[in-house]
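Here the structure is laid out as structure tokens; the discussion comes afterwards.
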Amino acid sequence: MGVARSILVRMFGRPKGVLGRLGGLIMARTNREYAVWVIELLDVGPDENVLEVGFGPGVGIQLLAKRAPAGYGLLSALRVIRGNRKAE
């Protein structure tokens, strides 16, 4: 694996360490506008259940948690996160 590919995998593919955190920040900034748009299109109400799969740095799931506290995010087969955790 080349150096550039290794860096990209650590940032975005399987995030680890400082590069993983940097990749998460980049994804959060660049994808926030799209997450807001999609969530507005869904028109999720407070009594609805939501499942977001593969939510990356968590921008969309944080926005959803404000609208539907009973939602869940599925990051991987091993980690399920309740949406009503402290929404920032």
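The values are calculated or read from the model by the stated rules, or taken from the named source; none is laboratory data. Nothing here was measured: the structure is a model prediction, and the numbers come from that model. When we count neighbours, we look across all protein chains shown, and the Cβ atoms used for this are built from the backbone with ideal geometry, even at glycine.
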From the option list 83, 60, 71, single residue qualifying as closer than 21 Å to residue 11 by Cα and at pLDDT below 85 is 60
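Here's the yes/no breakdown for (1) surrounded by fewer than 16 Cβ atoms within 10 Å (Cβ to Cβ); (2) of a type in the set (Gly, Ala, Ser):
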residue: 4; (1), (2): yes, yes
residue: 7; (1), (2): yes, no
residue: 23; (1), (2): no, yes
residue: 35; (1), (2): no, yes
Picked from the range 38-56 (must be surrounded by 11 or more Cβ atoms within 10 Å (Cβ to Cβ) and under 20 Å from residue 15 (Cα atoms)), the residue modelled with the lowest pLDDT is 55
Exactly one of 65, 35 is in a helix (DSSP H, G or I), in contact with a helix residue (DSSP H, G or I) (Cβ under 7 Å, 6 or more places away or on another chain) and modelled with pLDDT of 75 or more, and that residue is 35
